[in-house]
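Below: one structure, written as structure tokens.
The values are calculated or read from the model by the stated rules, or taken from the named source; none is laboratory data. Worth saying up front: this structure is predicted, and the values here are computed from it rather than measured. Glycine also receives a Cβ, built like all others from the backbone with ideal geometry; neighbour counts cover every protein chain displayed.
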Amino acid sequence: MSNRPPLEFYVPEPPARPGQSSDFAKEAVPKAGLVRRPDALASAVDLRDLPFELIRVLDDDDQAVGPWDPGLSPERLRQGLKAMLLTRAFDDRLFRAHRQGKTSFYMKSTGEEAIGAAQSLEMEAQDMCFPTYRVMSWLHARGYPLVDMVNQIFSNASDPLRGRQLPILFSARDYGFYSLSGNLGTRFGHGVGWAMASAYRQIDSIALAYTGEGTTAEGDFHEALTFAAVYRAPVILCVTNNQWAISSFAGLAGTENTTFAARAIGYGIPGLRVDGNDFLAVTAATRWAVERARANKGPTLIEFYTYRVAGHSTSDDPTRYRPRDEAEHWPLGDPVSRLKQHLVAIGEWDDNRHAALIAELDTEVRSAVREAEAVGTLGKSKPPVSEMFEGVFAEPDWRLIEQSREIGGRDA
Amino acid sequence: MRELNMVKAINDALDVMLARDPDVLIFGEDVGYFGGVFRATEGLQARHGLKRCFDTPIAEGGIIATAIGMGAQGLRPVPEIQFADYILPAFDQLVSEASRLRYRSGGEFWAPITVRSPYGGGIFGGQTHSQSPEAIFAHVTGLKTVIPSTPYDAKGLLIAAIECDDPVIYLEPKRLYNGPFDGHHEREIATWAGHPAAQVPEGHYTVPLGKAAIVRPGEATTLLAYGTMVHVALAAVEEAGVDAEVIDLRSIVPLDIETILTSVNKTGRCVIVHEASRFGGFGGELTALIQERCFYGLETPIERVAGWDTPYPHAFEWDYFPGPARIAAALVRVMEIN
């Protein structure tokens with residue numbers, strides 16, 4: 001008989017389940033302003049401490065502090081706040097539209113609005129973002145027409161994607177927003193390819209790609225990082241760690257053992273871990289990575305530490321797997337309130353203006369929804385069925401021509 | 001005009017396109033300095049530079065993902081997957097991304113990539129260097145699948161594929177690289193020397209995708225084949241003494257349905273040959289199309305000759321391979337029934 005202990009099979013479990021009290025005690029929330037800001041062109045070897053820090057700019061008194069403070073103008077801060085509030089207003093209205101049977105599916109970005117908004121405003125028009133479905137604030141920050149967005153969500157006759165794609169899986173090339181798809185992680189490598197193409201052609205268009213923390217377990221993530229590192233691609237690879245992948249907590253993607261930012265160390269590239277609910281910190285980290293990418297210093301991996309306040313989608317009920325009040329205990333707060341409070345603290349905003357802006361945005365969203373409803377909600381209106389056969393190839397082959405004739409332009 | 005074998009014809013197509021179009025990039029495992037395990041990219045890096053023809057990490061999914069991202073920006077990447085057997089790690093990228101990008105984005109993005117990959121057996125490559133996955137790709141709408149059978153076609157089809165704005169799977173019959181193998185593995189190996197289709201023009205020319213070739217006109221039965229099996233089929237026709245019309249499909253997507261139907265309507269008989277295993281193979285689709293459109297013109301049931309429904313077995317390679325004897329037997333069978 002051996003006196004070895006028996007082998008133990010370990011299956012990770014989140015800190016709290018429904019009915020238990022929310023527990024973020026293990027989430028160390030360091031004070032803002034403490035993390036060093038090395039030169040953006042520094043060697044990755046000298047940056048190996050950063051993935052284990054948490055870059056934060058907004059402190060408990062709503063002030064911007066420390067070396068990562070990007071020194072944004074009040075105009076820029078208000079622009080960001082507006083984009084985030086618009087995202088929230090849009091999400092609320094369209095989530096309700098789903099409950100009213102006007103569309104089949106919706107996904108909210110609640111709690112994560114700072115990431116897309118800050119990065120969209122920081123990146124340039126010619127850059128390309130390879131999004132996930134939870135960075136809609138990228139489009140809202142760039143003024144993508146709300147009515148086009150609602151038309152897409154309703155898959156109606158004016159849908160810019162011609163009724164072919166699930167609601168919110170947008171494509172908006174002119175807004176630096178690459179085509180989304182429903183399978184996870186597959187576009188992470190496209191961002192790397194885009195960046196390599198820019199470098200090869202010597203055109204000034206860097207790439208920014210997103211993935212969720214759950215998807216870091218996919219091979220796509222690691223292959224993209226390998227290619228990005230090997231070819232020193234001018235790409236910013238972002239992990240939005242919102243703690244939950246449907247019902248799977250971040251521990252199932254390996255976060256009990258390390259941080260997602262620290263994956264960078266194995267690839268020899270910088271990894272930043274950033275408070276994703278801090279608009280200023282997101283901007284600052286992006287600015288650092290952009291400077292590095294444009295200077296031919298290659299990719300940066302950024303983990304945005306955040307929390308998915310809403311369910312995964314309209315098909316999900318998070319109270320089935322996490323405490324109902326978990327979001328309220330999230331230690332990094334709400335990104336919208338934090339940016340608002342900062343603006344108030346520096347004397348550039350007040351409650352009246354805030355309330356007025358919310359009302360204005362709500363009206364804007366309502367009006368876009370009404371306009372789209374006039375075209376038609378899901379099933380009430382759609383593009384001509386002949387368009388179903390277009391765009392499969394550059395030119396349809398005989399099969400598609402025959403099948404289009406077979407259906408005879410008749411809608412089902 | 002020079003006489004080239006198929007590898008050299010492919011190399012020549014790549015060379016022409018690299019010189020002609022700065023948006024063409026070639027990359028894959030071992031393709032750069034070394035020139036590829038089958039030598040298809042030999043000399044291209046030296047001639048066109050490190051940045052035009054380069055080596056990649058061993059990550060087929062990453063190779064194709066990268067190619068799609070480059071293609072979306074406007075390049076025309078020509079990635080190589082070293083063996084078609086290794087294309088499966090990239091399957092998601094090809095099926096979920098390359099094939100649908102244009103459709104799902106409302107035409108905002110597309111992936112004009114050409115994925116070259118050697119396929120097929122007859123080289124004692126065992127299960128992982130011998131497979132023929134063409135039917136898997138033919139089933140995926142949005143992908144084109146091209147399979148040459150001669151040096152002339154290999155060059156012209158490859159140039160057409162690279163210039164095509166859709167994603168193309170370009171499968172190279174590796175057993176034909178050095179000669180028009182007729183399935184008689186026991187005989188001395190034939191080279192392309194003296195073969196009329198080994199006469200390859202210099203410079204740019206195309207063979208259109210979706211246009212089959214009647215490689216042997218005949219009246220008795222139609223015989224459909226592509227890739228390696230074209231030459232095996234031709235040998236079988238001679239040995240069976242049947243006046244078969246042999247059609248080389250050249251691309252299975254797009255498929256030249258007109259040429260197929262015209263021939264079957266004329267002969268009333270059809271034998272379909274492919275090296276991939278039979279069940280669910282592309283022969284099933286061809287059979288269905290022909291019976292849907294030529295049922296009353298058919299004199300006899302359609303015959304399929306294909307690899308058996310086993311993995312590609314090493315020691316039993318020539319038992320698995322649908323050689324001339326099996327094809328000849330099928331030709332005799334379709335002619336016996338009246």
(request) Being surrounded by 16 or more Cβ atoms within 10 Å (Cβ to Cβ), touching a residue at least 40 places away in the same chain (Cβ under 8 Å) and not aliphatic (A, V, I, L, M) is the filter here, so list the residues in the stretch B:200-237 that pass it. (result) B:Thr206, B:Gly210, B:Gly218, B:Thr221, B:Thr222, B:Tyr226, B:Gly227, B:Thr228, B:His231
(message) With the requirement that a residue be touching a residue at least 12 places away in the same chain (Cβ under 8 Å) and of a type outside the set (Gly, Ala, Ser), what does the stretch A:24-44 give you?
(response) A:Phe24, A:Glu27, A:Val29, A:Pro30, A:Lys31, A:Leu34, A:Val35, A:Arg36, A:Arg37, A:Pro38, A:Leu41
(message) Name the single residue that is surrounded by the fewest Cβ atoms within 10 Å (Cβ to Cβ) among those in the stretch A:171-181 being in contact with a Phe, Trp or Tyr (Cβ under 8 Å, 6 or more places away or on another chain) and within 9 Å of chain B (Cβ to nearest Cβ).
(response) A:Arg173
(request) Would you check which residues across the stretch B:92-120 are in contact with a helix residue (DSSP H, G or I) (Cβ under 8 Å, 6 or more places away or on another chain), more than 9 Å from chain A (Cβ to nearest Cβ) and assigned to a helix (DSSP H, G or I) and list them? (result) B:Leu94, B:Ala98
(request) Could you check A:Gly214 against (1) surrounded by fewer than 24 Cβ atoms within 10 Å (Cβ to Cβ); (2) within 14 Å of chain B (Cβ to nearest Cβ) and say which number it fails? (result) (2)
(request) Might you check whether a residue that is in a loop (DSSP other than H, G, I, E, B), crowded, with 24+ Cβ neighbours inside 10 Å and either within 11 Å of chain A (Cβ to nearest Cβ) or modelled with pLDDT of 95 or more (or both) occurs anywhere in the stretch B:41-60? (result) yes
(request) Find the residue count for the stretch B:138-161, including only residues that are more than 14 Å from chain A (Cβ to nearest Cβ) and either among the polar types (S, T, N, Q) or part of a helix (DSSP H, G or I) (or both). (result) 11
(message) If the requirement is being more than 9 Å from chain B (Cβ to nearest Cβ), surrounded by fewer than 20 Cβ atoms within 10 Å (Cβ to Cβ), free of Cβ contacts under 8 Å to residues at least 60 places away in the same chain and not in a helix (DSSP H, G or I), which of these qualifies: A:Tyr144, A:Tyr133?
(response) A:Tyr144
(request) Looking only at the stretch A:156-165, count how many residues are facing chain B (nearest Cβ under 9 Å) and within 18 Å of A:Glu373 (Cα to Cα). (result) 4
(request) Please give the number of the condition B:Gly283 fails out of (1) surrounded by 18 or more Cβ atoms within 10 Å (Cβ to Cβ); (2) without any contact (Cβ under 8 Å) to a residue 12 or more places away in the chain. (result) (2)
(request) Check off (1) assigned to a helix (DSSP H, G or I); (2) free of Cβ contacts under 8 Å to residues at least 40 places away in the same chain for A:Thr186 and give me the number that stays unchecked. (result) (1)
(request) Would you check which residues across the stretch A:231-250 are within 13 Å of chain B (Cβ to nearest Cβ) and touching a Ser or Thr at 6+ places or on another chain (Cβ under 8 Å) and list them? (result) A:Pro234, A:Leu237
(request) Scan A:Ser120, A:Ser104 and give me the residue that is assigned to a loop (DSSP other than H, G, I, E, B) and either within 14 Å of chain B (Cβ to nearest Cβ) or at pLDDT 95 or above (or both). (result) A:Ser104
(message) Against the condition within 7 Å of chain A (Cβ to nearest Cβ) and at pLDDT 95 or above, how does B:Ser132 come out, does it pass?
(response) no
(request) Starting from residues that are in a loop (DSSP other than H, G, I, E, B) and of a type in the set (S, T, N, Q), keep the ones in the stretch A:41-88 and report whichever is surrounded by the most Cβ atoms within 10 Å (Cβ to Cβ). (result) A:Gln63
(message) Looking at (1) in the same structural domain as A:Gln243 (by TED's automatic domain parsing); (2) surrounded by 15 or more Cβ atoms within 10 Å (Cβ to Cβ); (3) touching a residue at least 60 places away in the same chain (Cβ under 8 Å), which one does A:Pro318 not meet, given that it meets all the others?
(response) (1)
(message) Given the criteria of a type in the set (D, E, K, R) and within 14 Å of chain B (Cβ to nearest Cβ), does A:Asp278 qualify?
(response) no
(message) Anything in the stretch A:195-212 that is part of a helix (DSSP H, G or I) and within 23 Å of A:Phe260 (Cα to Cα)? List them, or say none.
(response) A:Ala195
(message) Being within 10 Å of another protein chain (Cβ to nearest Cβ) and touching a strand residue (DSSP E or B) at 6+ places or on another chain (Cβ under 8 Å) is the requirement here; does A:Gly219 meet it?
(response) no
(request) Taking B:Gly283 as meeting all but one of (1) in contact with a Lys or Arg (Cβ under 6 Å, 6 or more places away or on another chain); (2) over 21 Å from B:Gly218 (Cα atoms); (3) of a type outside the set (A, V, I, L, M, F, W, C), write down the number of the exception. (result) (2)
